[in-house]
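Undergrad: Dropping a structure here in structure tokens format, bear with me for questions.
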Amino acid sequence: ALQQVRAMSVVAFTSAATRAGLTSPRGATPTRARSLDRRGHRAKPPIPTSRDRGRRRSVVAEGKKGLFDEMLDVMEGGPKLRKWYGQDSSVGAPGEERVGDGGVSAVAEPTPDEEEELREWDKKPRRGTLVAGAETALGEAIIMQLIVAKQPVVALGISPDTAASRYGPYVVAVEDPASAANALRRGCRAVICCGDSGVVPAAVVADGKVKHAVLVSSAANGGGGLLGGIFGGDDGRRADPAREDAFRAIAGAAPVTIARPARIRAGMGGKPIVFGQKGKGKSAGAGGGDVSLEDAAEVCVRCLGAPPKPGEVLEFDFANGPGAAGAKRDWKGLFGSLDAN
């Protein structure tokens, strides 16, 4: 009798709560009943949505770093360097809008008229380097070498969004390759061209303030030209003789260095480097080997510290030499062994 009274009390309380709007009959249904569909079959668990998966990823990301994160730290130069890829939210001042939060640049702010912006750049001393071909793997590696060397960089060929997400606030981007002249006005005193030469040589001449132009060609077997560009990948496209001729012609406006790496392979650097010059009585065997992407980028950046005299053109091949990685390189001796034209 006592159990019947308790059951009647529960039913009465549930009915009263339902009429008062505090609950619903479904809410009062036992837990087991809620797991069944209308036909009495056990209901399937809900399919996780993209929001649910993103929430789980964010929870994992806030936890301890995994093996993959540690590998990225090693490959990209440590956790500090990874901030330059826009991964760490501490880049920039607190409260500023960043890429990934709906912004269009590292710090969202109104964009002034381009000509007015360029006039402001014209008032500043030139300390930066324009990297033409920033969309290529070698261009990206060169930019990273310049960032590590604390050199201002202007990237030609990638969008501001891409530059901000990869490099944070350390790179100024000009997406249109035809805007090389405007890109140079953004504080550039030197140029490294590792992509299509395009209007870059003409822009250097018209600018009149560039102190050194470096062209990255190729000494890889297979040559350049049309077939080399089609079947030789980036190495073949860089070996196009027309690119070299276009830069040799501007030596009167700015000294030119033409660096020809051997076949570029993906990988870390640190192995010995050998230089060679054709027809100068020095070893020209550099073109028959290969060179790591990281070492090729470092040689290109080191060229900026050893410019030829005004009006001269310095041309050389280079590759990784024999020996183990880790030995200190004699950059002064390597560049001192070269003769300019």
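The values are calculated or read from the model by the stated rules, or taken from the named source; none is laboratory data. Being a predicted model, the structure only gives us computed values, none of them experimental. Quick reminder, even Gly has a Cβ in these numbers, built from the backbone with ideal geometry, and neighbours come from all protein chains shown. For the accessible areas, the whole protein counts, side chains as well, though only heavy atoms, and no ligand, DNA or RNA atoms are used. Shrake-Rupley method; radii C 1.70, N 1.55, O 1.52, S 1.80 Å.
Undergrad: How many angstrom lie between the C-alpha centres of the stretch 140-154 and the stretch 164-211?
TA: 13 Å
Undergrad: Would you check the accessible area of TRP121, probe 1.4 Å, heavy atoms only, in square angstrom rounded to 10?
TA: Rounded to the nearest 10, that gives 60 Å².
Undergrad: Amide H neighbours of CYS193 under 5 Å, at least 5 residues apart or on other chains, H built in the peptide plane: list them.
TA: For CYS193, whose amide H was placed from the backbone, the distant partners under 5 Å are ALA132, VAL214, LEU215, VAL216.
Undergrad: Now, a different point. Quick check on packing: order 156-167, 141-152 by the mean number of other C-beta atoms within 10 Å, highest mean leading. Let's see the in-between values first.
TA: Details: 156-167: 21.2, 141-152: 19.5.
Listed from highest to lowest mean packing, they are 156-167, 141-152.
Undergrad: What residues have an amide H closer than 5 Å to that of LYS211, excluding those fewer than 5 places away on the same chain, when H is modeled at 1.01 Å from N in the peptide plane?
TA: ALA190
Undergrad: Continuing with this model, one more query. Quick one: of LYS271/LYS328; LYS150/LYS309; LYS309/LYS332; LYS278/LYS328; LYS124/LYS209; LYS278/LYS332, which pairs are farther than 18 Å apart, Cα to Cα?
TA: Numbers: LYS271/LYS328 9 Å; LYS150/LYS309 25 Å; LYS309/LYS332 16 Å; LYS278/LYS328 26 Å; LYS124/LYS209 13 Å; LYS278/LYS332 20 Å.
Among LYS271/LYS328; LYS150/LYS309; LYS309/LYS332; LYS278/LYS328; LYS124/LYS209; LYS278/LYS332, the Cα-Cα distance tops 18 Å for LYS150/LYS309; LYS278/LYS328; LYS278/LYS332.
Undergrad: Oh, and also: Skipping prolines and chain starts, which residues have an amide H placed within reach, meaning under 5 Å, of the one on SER292, given they are 5 or more residues away or on another chain?
TA: Excluding prolines and chain starts, which carry no amide H, the hits are ARG265, ASN320.
Undergrad: Per residue of the stretch 158-165, what does 6.51 cos²θ - 1.76 cosθ + 1.60 with θ = phi - 60° give for ³J(HN,Hα)? Whole Hz please, x for Gly and Pro, Karplus curve as stated.
TA: 10, 7, x, 4, 5, 5, 5, 6
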